[in-house]
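Note sheet for the following structure.
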Amino acid sequence: MLNKVQMIGFTGADAEIRATSGGKALAVLRVATSRYTKKNGDRQDFTTWHTVEIWSPATVKWLSSRPLPKGSKVYVEGEIRNEHYTDKDGQERYFTKVVVAGPGHELKSLDRPETNPEPAAEEEA
């Protein structure tokens, strides 16, 4: 089976770098993509916000040392995951995220391509 997403969008804020209770580092990034339609000559934009979780150690390290400022254009390749939790009122809540963790997954800056992590570094991590 194939579960793959590719997107180009803009960051909404700096990446949030944190660690799990087991000490594994991850980064969370908000990325906006958009599409538009024209109706009667008027352009209407539709923006979608995506939560991107980055588990690749080399990419998390890269984001720690070279933060992508708000509005940076990025390329993301990963997989879609649907998850749920129960909120404090007992309601089931569902959400979707893009996860960058496996082979072939990547996050690249399109504004500063010379600073992107080396693909070989991703595979070694």
Considering only the stretch 15-39, state which residues are outside any strand (DSSP E or B) and within 17 Å of residue 108 (Cβ to Cβ). 15
Taking the residues in the stretch 2-61 that are under 16 Å from residue 99 (Cα atoms) and small (Gly, Ala, Ser) as candidates, determine which candidate is surrounded by the most Cβ atoms within 10 Å (Cβ to Cβ). 56
Which numbered condition residue 69 misses (of (1) in a strand (DSSP E or B); (2) more than 22 Å from residue 104 (Cα to Cα)): (1)
May I ask you to list pairs of residues, at least six apart or on different chains, whose Cβ atoms are under 9 Å apart, with the first in the stretch 96-125 being at pLDDT 70 or above and the second being exposed (fewer than 12 other Cβ atoms within 10 Å of the Cβ) and in a strand (DSSP E or B)? 96/82; 96/83; 97/82; 97/83
Can you confirm whether the stretch 76-90 contains a residue that is surrounded by 10 or more Cβ atoms within 10 Å (Cβ to Cβ) and of a type in the set (Phe, Trp, Tyr)? no
Hey, could you check the stretch 40-52 for residues that are over 13 Å from the mean Cα position of the chain (by Cα) and part of a strand (DSSP E or B) and say which is nearest to residue 77 (Cα to Cα)? 47
When residue 80 is evaluated against the numbered criteria (1) at pLDDT 95 or above; (2) closer than 19 Å to residue 14 by Cα; (3) out of contact with any Leu (no Cβ under 9 Å at 6 or more places or on another chain), which criterion, by number, is the only one it fails? (2)
Is it the case that residue 100 is aliphatic (A, V, I, L, M) and more than 13 Å from residue 3 (Cα to Cα)? no
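The values are calculated or read from the model by the stated rules, or taken from the named source; none is laboratory data. As the structure is a computational prediction, the values presented were derived from the model and not from experiment. Every residue, glycine among them, receives a Cβ derived from its backbone with ideal geometry; neighbour counts consider all protein chains shown.
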